[in-house]
Amino acid sequence: MQPDAFTHIVNQLKDKLFRLALRWLPDVAEAEDAVQEVFIKLWQQRDNLKEVQNLEAWSVRMTRNLCIDKLRARKMPQGEWYPGFDLPDQTLGADHQLAGAETIQDIRRLMQHLPDKQRQVMELRDLEDYSYQEICEALGISLSQVKINLFRARQQLREALSSRQMKQHGS
């Protein structure tokens, strides 16, 4: 693979891989390091990349595995969210923005408590807009496992949000 072609791949994937790494690792510098390590590994394997059917999914999987390895090595909790990912819609009124921001904060907190696989599938599908097949390839799980994990994650969040709303409204 020529350097120009590799640069094109890096430019296509860097932001997406960084967002994923930032969700799994505790700070920006560590997420940047993880993505850089992924690209170093890709460069080292550049002659074999033509054999990879879905380079993006493969890169996501490498990023995920590297982040998990880093977390295990440091024995730190996984899945923190960071400010700035979900900015409020400026077209909504202030009261709707506040309610939306509170709901987003609730969802962030609740997602942190989901089992790892459910949280990862939900992040890839609902936040990164990956197809089911891309999630299968990225996480190395079957299509039925993707659907089950996504269903369970959404169901848990829906139930938890509903329960919180009932408590807030005194029902």
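Data table
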quantity: Qualifying residue in region 33-40 (condition: within 17 Å of GLU134 (Cβ to Cβ) and at pLDDT 85 or above); calculated: yes
quantity: Where a residue in region 1-18 is under 12 Å from VAL60 (Cβ atoms) and touching a residue at least 24 places away in the same chain (Cβ under 8 Å) and its partner, wherever it lies, is acidic (Asp, Glu) and open to solvent by less than 30 Å² (accessible area, probe 1.4 Å), with Cβ under 9 Å and at least six apart; calculated: LYS16/GLU128
quantity: Filtered residues of region 18-75 (kept if in a helix (DSSP H, G or I) and among the polar types (S, T, N, Q)); calculated: GLN36, GLN44, ASN48, SER59, THR63, ASN65
quantity: Pick from region 97-135, criterion outside any helix (DSSP H, G or I) and in contact with a Leu (Cβ under 8 Å, 6 or more places away or on another chain), ranking: modelled with the highest pLDDT; calculated: LEU114
quantity: Those residues of region 136-159 which are crowded, with 16+ Cβ neighbours inside 10 Å and not in a helix (DSSP H, G or I), in sequence order; calculated: ILE141
quantity: Within region 1-26, tally of residues that are more than 25 Å from ARG125 (Cβ to Cβ) and open to solvent by 50 Å² or more (accessible area, probe 1.4 Å); calculated: 6
quantity: Subset of region 31-60 that is open to solvent by less than 30 Å² (accessible area, probe 1.4 Å) and of a type outside the set (Gly, Ala, Ser) - its residue that is farthest from the chain's Cα centre (by Cα); calculated: LEU49
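The values are calculated or read from the model by the stated rules, or taken from the named source; none is laboratory data. Source: prediction; values computed, not measured. Heads up, the Cβs are rebuilt from the backbone with ideal geometry, glycines too, and the neighbour counts pull from every protein chain shown. In case anyone asks, the SASA skips ligands and DNA or RNA and just uses the protein heavy atoms, side chains included. Shrake-Rupley method; radii C 1.70, N 1.55, O 1.52, S 1.80 Å.
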